[in-house]
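Q: Got a structure for you, questions after.
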Amino acid sequence: MKTPGSLNLSDREIERAGGMLTELLREYERSAPSGAVMPDIDRGVLGGLLRGPFPDEGIGIDGLFREIGEKVLPNSTAITHPRFLAYVLGPPNGIAPFADAIASAINQNCNFWQLSPAASVIEQSVINWLAGLFGYPDSSGGIMASGGSMANLMAIATALRHRCGDAFLNEGLQSMRSPLVLYTSSEAHRCVEKAAAILGLGLGNVRKIPVDSSFRMRTDLLEEAVRGDRAAGKTPFCVVATAGTVNTGAIDPVDSIADLCAGEGLWLHVDGAYGALFVLGRETGEALLSCGRADSVALDPHKLLFMPLEAGCLLVRDREDLRRAFSFSASYLSAEQDPLFVNYMDYGPQLSRGFRAFKVWCSLRAFGVLAFREAMERTLRLARYMELRILEEERFELLAPVTLTAVCFAVRGAGDDGNARVLKALAEEGTALLGPVSLGGRSGLRACITNYRTREEDIDLVLERLIELDGELHN
Ligand SMILES: Cc1ncc(COP(=O)(O)O)c(C=O)c1O
């Protein structure tokens, strides 16, 4: 037990804790593919954690690691498992946990540069790398965010400030005589509507434009909606297109939407949280380059670049737009300006900010971008493989074209309930976790391959078990 008040570790304790951490990481990595995807939750243990007293006395480093091993790890979902195929969520790359540990140790506050000089430059460097993928100009900029939801919210706030000028800051939306209208597709992620609601736009001023048979926003209907709103005395201000919809991975026709936005004077934001980083892929790259025509793009290194949560990012074509939306002065926050550094408190709503860019920078420096491209392309190939297997197997039907790594399908004839039951049974037996999907009134299953560990054998096993489980559930 440590002397009360002593919060540092001795040299011996650092070695001991480091050794146990290394062992934990090694064992977690080794056992990831063999365990169950969903933990067999021990409610007693979790209830104990919930009701545990505020600890006056510590249990020490050995006690802590024991508790983590006995109580936390066995009750955690195995996101790293090769058959965790739900949502858009994958394992961290191997170096990222080390980068996170270093970021914790140096505890830079990435708000103004005097508290984080190297971090400010590294964040700029990561932003520049990412902006470069879309051919963004030198005037561009951006900021690391907690994820796509926050990046989308910041983008819409930036669009509002851009559209309304100082009136947005000083009088706010309350002063607008004509309601501002935002457009997105019926397949957009719900965080777009959530952001509009949080920002006070009102859900009644969000138009969900219908999609075509490939689940992409219909530009003709978008144009009609914009014209209709103008005729009704409303003020269209922003379109949120999606590059990689969460359900099917569909990529909205960003080029034609960008043309329309340019003609109508609308801010174009692309929610690329799922798909934009496929710009790195040799076969997918071209389809995503058009994201660079947008005024802003949200993307998520914690999805396609295998970063641990949280690592999202907002890019903007003109960084002055970000500064105008988020820069606030206060006497106790008078940061010096220096052309080498960005004061990130001026680019987003947070003041104290962690060093999120560090894990991205470390991972790209350690492995090189080609390794990430290879891992990402493997997930794309596996999605194609799964699509082919589904098309070959008469017990399944494909519910949507496979554009990226999301595969939406159904067990033929099982009905909505039957599909929900096999999905549950597959998770309960610990084989795999897929997600539910609802498309055009049909319910089915969605697998999203976001794991560099997943192999063809994993896909084969999932499909075989689904057929068997469907049979068992009918008998
Ligand atoms: C298209 C899209 N937008 C936004 C989000 C939300 O991103 P985050 O979970 O990083 O906030 C997701 C998440 O899957 C997504 O797929």
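What follows draws every value from the coordinates through simple rules; no lab data is involved. Source: prediction; values computed, not measured. Cβ coordinates were reconstructed from backbone atoms using ideal geometry, including for glycine residues, and neighbour counts include every protein chain displayed.
Q: Let me confirm the definition first: pairs of Lys residues in the chain, 8 or more apart or on different chains, C-alpha distance under 22 Å. How many are there?
A: Count of close lysine pairs: 5.
Q: Let me ask another. What number comes out for the charge environment of residue 94, summing +1 per Lys or Arg and -1 per Asp or Glu over other residues with Cβ under 13 Å away?
A: After counting each charged neighbour, the total is +2.
Q: Let me make sure I get this right: for the range 431-475, a, b and c are the square roots of the gyration tensor eigenvalues over alpha carbons, sorted descending. Under 1.5 in a/c it's rounded, otherwise prolate if a/b > b/c, else oblate. Which is it?
A: oblate
Q: Another question, then. First check a/c for the range 156-199, with a ≥ b ≥ c the square roots of the eigenvalues of its C-alpha gyration tensor; if it is under 1.5, answer rounded, and if not, answer prolate when a/b is larger than b/c or oblate otherwise.
A: The shape class here is prolate.
Q: Okay, moving on. Cα centroid distance between the range 116-156 and the range 237-272, in Å?
A: Rounded to whole Å, the Cα centres lie 19 Å apart.
Q: Something else: Run the numbers for residue 377 and residue 442: contour at 0.36 nm per residue of separation, minus the present Cα-Cα distance, in nm.
A: 20.5 nm
Q: Moving on. If you bin the C-alpha pair distances of the range 130-209 every 5 Å from 0, what whole percents do you get?
A: For the range 130-209, the binned pair fractions read 3, 13, 21, 22, 18, 15, 7, 1 percent.
Q: Let me ask something else about it. Output needed: percent of Cα pairs per 10 Å distance bin for the range 241-386, bins running from 0 to the one holding the longest distance.
A: Each 10 Å bin holds this share of Cα pairs: 10, 33, 33, 19, 4, 0.
Q: Label-point separation (nm) for residue 388 and residue 76, each offset 7 Å from Cα along Cα-to-Cβ?
A: Using points 7 Å along Cα→Cβ, the separation is 3.6 nm.
Q: Another question, then. On a full-extension model of 0.36 nm per residue, what is the gain between residue 24 and residue 286, subtracting their alpha-carbon distance, rounded to one decimal in nm?
A: Computed gain between residue 24 and residue 286 is 90.2 nm.
Q: Counting Lys and Arg as +1 and Asp and Glu as -1, what is the net charge of the other residues whose Cβ lies under 10 Å from the Cβ of residue 274?
A: Taking every other residue near residue 274 into account, the sum is -1.
Q: Rank the residues 385, 347 as a footprinting-exposure proxy: fewest other Cβ atoms within 10 Å of their Cβ go first.
A: So the residues, fewest neighbours to most, are 385, 347.
Q: Can you list, largest first and rounded to whole Å, the semi-axes you get for the chain by taking the square root of 5 times each eigenvalue of its Cα gyration tensor?
A: Taking √(5λ) for each Cα gyration eigenvalue gives 36, 34, 20 Å.
Q: Explain nothing, just the number: dipole magnitude of the range 377-475 about its Cα centre with +1 on each Lys and Arg Cβ and -1 on each Asp and Glu Cβ, in debye rounded to the nearest 20.
A: Approximately 400 debye in magnitude.
Q: How much length is gained if the chain between residue 121 and residue 56 is pulled fully straight, taking 0.36 nm per residue apart and subtracting their Cα-Cα distance, in nm to one decimal?
A: Extra length available between residue 121 and residue 56 comes to 19.3 nm.
Q: Next question, about the same structure. Do me a favour and compute the ellipsoid semi-axes for the range 249-319 from its Cα gyration tensor, root of five times each eigenvalue, largest one first, whole Å.
A: In descending order, the three semi-axes are 22, 15, 9 Å.
Q: Among residues other than residue 314 whose Cβ falls under 14 Å from its Cβ, what is the net charge (Lys/Arg +1, Asp/Glu -1)?
A: Within the 14 Å Cβ shell, the charges total -2.
Q: Once label points are set 7 Å from the Cα along Cα→Cβ at both residue 335 and residue 370, what is their separation, rounded to one decimal in nm?
A: In this crude label model, residue 335 to residue 370 measures out at 3.6 nm.
Q: Looking at the chain only, what percent of DSSP beta bridges run antiparallel? Nearest 5 please.
A: That works out to approximately 55 percent antiparallel.
Q: Specify whether the C-alpha gyration tensor of the range 1-122 places it in the rounded, prolate or oblate class, a ≥ b ≥ c being the square roots of the eigenvalues: rounded for a/c under 1.5, otherwise prolate if a/b is larger than b/c and oblate if not.
A: oblate
Q: Here is a further query. If r is the Cβ-Cβ distance from residue 98 to residue 456 and R0 is 35 Å, what FRET efficiency results, to the nearest 0.05?
A: For R0 = 35 Å, the calculated efficiency reads 0.70.
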